[in-house]
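The next block holds one structure in the form of structure tokens; read it before the comments.
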Amino acid sequence: MAMAATAKKKSESDRFCSSPDLLHHHPSLTKLKIGICQMRVSGEKKENLKHARSLIQVAAKQGANLVLLPEMWVCPYTEEDMAKNAEDFDDEKGASSPTLEMLSEVAGRLSITIIGGSLPERCKGELYNTCPIFGADGKLIAKHRKEMQVHLFDANFLGEFCFMESHIFAAGDKPTIVDTEVGRIGIGICHDIRFPELATFYRDKGVCLIAYPGAFNISTGESLWELVQRGRAADNQCGEIIASCGHEENVMIAEIDYSQLHILRKGLPLFKQRREDVYSQHN
């Protein structure tokens, strides 16, 4: 099964730059390269770990400062496989998690930031769909638990497709914003992209990037995955889609220029034109 990861581009507008408490969230670089790893997942966890390491190294060799992995890349996306391959993430050094240990080692060795797609996490008897983020020093700096779960994917198209994440995963309960060497990043997982409120919240908090590792299925994803990305980008003045691929395994390298987004937001300051006073009257 082909699984894809995607990132959306963001920079801080004048609105954020004028706020003193957000100045330190500016990334030190105006341009960076993102490596997006789309990988084919096998039923063997050890093989998937080895393969993911190889793809990360390919991206870094091509100059990527930030590398993204797909959603649920350690195992097939079935309840049985996710339960069997779940790991305990409580130990931040990764001693109890071979997956975190691998991501930590390769991030530190290559001096890159890694958004680790998502993994099945076991915590206090519950199963979570969790995205770990590692800094260029190899340290685990944040983890995001997929949200309805703050958005669990429940879909039932009779006769065609039925999948209920709420029957498998426990819910995350907060957005995740992390400050990294490549800027302030907001994290979502797959179905989170369908909810514009989360992206707007991240934009309000001054993120430079929003990352959505995903594994949309063909039934619900093919007609909307790119469309929804364009919608979130337009809503939040995040730029445009600058790289894409089909269903095959691939490592995409794309360059993001924060200065161009700054120009866009300065020329058309949409967020300054928002009328929360008007919207709130009709809640």
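The values are calculated or read from the model by the stated rules, or taken from the named source; none is laboratory data. The structure presented is a predicted model; accordingly, all values stated were derived computationally and were not measured. Cβ: placed from backbone, ideal geometry, glycine included. Neighbour counts: every protein chain shown.
Could you tell me which residue of the range 108-130 is farthest from Pro175 (Cα to Cα), considering only residues that are crowded, with 16+ Cβ neighbours inside 10 Å and out of contact with any Asp or Glu (no Cβ under 8 Å at 6 or more places or on another chain)?
Residues of the range 108-130 crowded, with 16+ Cβ neighbours inside 10 Å: 108, 110, 112-122, 127-130.
Of the ones still in play, those that are also out of contact with any Asp or Glu (no Cβ under 8 Å at 6 or more places or on another chain) are 110, 112, 114-116.
Values: Leu110: 28, Ile112: 23, Ile114: 18, Ile115: 15, Gly116: 16 Å.
Among residues in the range 108-130 that are crowded, with 16+ Cβ neighbours inside 10 Å and out of contact with any Asp or Glu (no Cβ under 8 Å at 6 or more places or on another chain), the one farthest from Pro175 (Cα to Cα) is Leu110.
Consider Asp88 against the criteria (1) surrounded by 18 or more Cβ atoms within 10 Å (Cβ to Cβ); (2) at pLDDT below 95; (3) not small (Gly, Ala, Ser): it satisfies all of them except one. Which criterion is unmet?
Answer for Asp88: the failing condition is (1).
Mind listing whichever residues of the range 174-208 are surrounded by 17 or more Cβ atoms within 10 Å (Cβ to Cβ) and among the aromatic types (Phe, Trp, Tyr)?
Passing the criteria: Phe195, Tyr202.
Could you check how many residues of the range 87-136 are outside any loop (DSSP other than H, G, I, E, B) and of a type outside the set (Val, Ile, Thr)?
Taking the range 87-136 as the starting set, the residues that turn out to be outside any loop (DSSP other than H, G, I, E, B) are 87, 98-110, 113-115, 119-123, 126-134.
Next cut, of a type outside the set (Val, Ile, Thr) only: 87, 98, 100-105, 107-110, 119-123, 126-129, 131-132, 134.
Count: 24.
Name the pairs whose Cβ atoms lie under 8 Å apart, with the first residue in the range 227-246 and closer than 21 Å to Lys205 by Cα and of a type outside the set (Asp, Glu), the second part of a loop (DSSP other than H, G, I, E, B) and modelled with pLDDT of 85 or more, and 6 or more positions between them or separate chains?
Gln237/Leu268
Quick check on my filter: what residues within the range 264-276 are part of a helix (DSSP H, G or I) and either surrounded by 12 or more Cβ atoms within 10 Å (Cβ to Cβ) or charged (D, E, K, R) (or both)? If you could, list the steps in order and put the result at the bottom.
Here is the first cut: in the range 264-276, the residues part of a helix (DSSP H, G or I) are 264-267, 270-272, 276.
Listed by number, the residues that qualify are Leu264, Arg265, Lys266, Leu270, Phe271, Lys272, Glu276.
Answer yes or no as to whether Met39 is touching a residue at least 60 places away in the same chain (Cβ under 8 Å), more than 17 Å from Val182 (Cα to Cα), surrounded by 16 or more Cβ atoms within 10 Å (Cβ to Cβ) and not polar (S, T, N, Q). Let's see the steps before the verdict.
Values: touching a residue at least 60 places away in the same chain (Cβ under 8 Å): yes; more than 17 Å from Val182 (Cα to Cα): yes; surrounded by 16 or more Cβ atoms within 10 Å (Cβ to Cβ): yes; not polar (S, T, N, Q): yes.
So Met39 fits the description; yes.
Scan the range 30-59 for residues that are in a helix (DSSP H, G or I), more than 19 Å from Leu209 (Cα to Cα) and either touching a Phe, Trp or Tyr at 6+ places or on another chain (Cβ under 6 Å) or not acidic (Asp, Glu) (or both) and report the count.
Residues of the range 30-59 that are in a helix (DSSP H, G or I), as a first pass: 45-59.
Of the ones still in play, those that are also more than 19 Å from Leu209 (Cα to Cα) are 45-58.
Imposing the further condition that a residue be either touching a Phe, Trp or Tyr at 6+ places or on another chain (Cβ under 6 Å) or not acidic (Asp, Glu) (or both) reduces the set to 45-46, 48-58.
Total satisfying the criteria: 13.
Of Ala59, Ala64, Ala4, which residue is modelled with pLDDT under 70 and under 18 Å from the mean Cα position of the chain (by Cα)? Can you show your working first?
Details: Ala59 fails: modelled with pLDDT under 70; Ala64 fails: modelled with pLDDT under 70.
Just a single option satisfies the conditions, and that option is Ala4.
Which of (1) part of a helix (DSSP H, G or I); (2) within 17 Å of the chain's Cα centre (by Cα) does Tyr279 not meet, given it meets every other one?
Tallying (1) part of a helix (DSSP H, G or I); (2) within 17 Å of the chain's Cα centre (by Cα), Tyr279 fails exactly one: (2).
Could you check the range 191-258 for helices (runs of 4 or more DSSP H) lying wholly inside it with 3 or more residues that are under 16 Å from the mean Cα position of the chain (by Cα) and closer than 28 Å to Cys75 by Cα? I'd like the intermediate steps shown before the answer.
Values: elements: 196-204, 218-221, 225-235.
Per the criteria, 225-235.
Does Ala136 satisfy being at pLDDT below 95 and among the small types (Gly, Ala, Ser)?
In short, no.
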